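Bear in mind that the values in this text are calculations on the coordinates, not laboratory data. Every value quoted in this text rests on a predicted model; they were computed, and no experiment measured them. Cβ atoms come from the backbone with ideal geometry, glycine included; neighbour counts cover every protein chain shown.
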Amino acid sequence: MSRNRSSTTALEDLSNVEFETSEDVEVIDKFKNMSLREELMRGIFAYGFEKPSAIQQRAIKPVIKGRDVIAQAQSGTGKTATFSIAILQSLDLTMRETQVLCLSPTRELAVQIQKVILALDMIRRRALRTRAVKMLVLDEADEMLNKGFKEQIYDVYRFLPPSTQVVLISATLPHEILEITSKFMTDPIRILVKRMSIAGESLRKVSIQYIFYLLRKQYNYL
């Protein structure tokens, strides 16, 4: 998938545009039907996950397939585990290169600024090689935009290979996100989980750090 990074096409008026779930979204209601690695499956079940949440049922597979993805669901519905599982499944363990960049805001704005600037500085100084990066994850994209990081996101993206897959995770979808999708996403699949779709589900949350730790410690996966 290729993108025109220098496109200067004027954006249409997006004030009345609403997101709708793509028609070709497949619902996979069991982890065992997602064709995940055996080691990853063991880690998922050992952590306590039994059944994928609504967003996980719809978003994990498209990310693994390499599609650009826009996934919206309210907080506490398993969005972090969604892209964490997809990242772990997509990694080429024989390649000792950075393959995925995940940008996520923190509670403290100062820490968030430091992380974004540090990551950008590492790229510019070639301390972080990006030639093998195949996926960029923007977690809590609405929060990043609210805190004014749009230009920094663009700066990071400019250093990535043109074929980089973009996965955008957000609790809300402000119109600024439409601008991002039009600039560097290619025919993204859209997955929206409405409040009624997640009622009664267990709202477990898991961080990518814990998944990596579990797989390293118990299964020597990484």
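Results, tabulated for the structure shown:
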quantity	calculated
Within-13-Å neighbourhood charge of Thr98 [Cβ basis; K, R +1; D, E -1]	+3
Those aspartates and glutamates that a straight Cα-Cα span of less than 15 Å connects to Lys79, excepting residues fewer than 8 apart in one chain	Asp139, Glu140, Asp142, Glu143, Glu201
3J(HN,Hα) from dihedral phi, the stretch 58-68, Karplus parametrisation 6.51/-1.76/1.60, rounded to Hz, x for glycine, proline	9, 9, 4, 5, x, 5, 4, 6, x, 6, 5
